[in-house]
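Read through the structure below, which is laid out as structure tokens, and then see the notes.
The values are calculated or read from the model by the stated rules, or taken from the named source; none is laboratory data. These numbers come from a predicted model, not from an experiment. Neighbour counts run over all protein chains shown; Cβ positions are idealised from the backbone, glycine included.
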Amino acid sequence: LKRNQRHPSLYFNLSFQGPGGILKRSLQSKFYQKEDSRAEFGHKLEWIQWTCGVDGAGNIAVTEELIK
């Protein structure tokens, strides 16, 4: 990519049907060339764990998020 060009991104729209309703979440991943210093930032994503709760109206919300 040339300078000032956007880097390719991959978007995930997740929907989970549970007994209390539907949980919707979005994730985004960006990709950089090996030579780009930004390719070294952050950590490798191994897993995400969500603890969820359901309110009286049946809305599902993430109450805790663990990322490794």
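When residues of region 19-39 are filtered for being within 15 Å of Trp50 (Cα to Cα) and among the polar types (S, T, N, Q), how many remain? The number of residues fulfilling the criteria is 1. Among the residues of region 51-64, none qualifies, meaning not one is exposed (fewer than 10 other Cβ atoms within 10 Å of the Cβ), at pLDDT 85 or above, among the hydrophobic types (A, V, I, L, M, F, W, C) and at negative phi. Pairs meeting the criteria (first residue in region 50-62 and among the polar types (S, T, N, Q), second residue part of a strand (DSSP E or B) and at pLDDT 85 or above, beta carbons under 9 Å, at least 6 apart or on different chains) are Thr51/Val62; Thr51/Thr63; Thr51/Glu64; Thr51/Glu65; Thr51/Leu66. Scoring Glu46 on the criteria (1) at pLDDT 90 or above; (2) outside any loop (DSSP other than H, G, I, E, B) leaves a single failure, condition (2).
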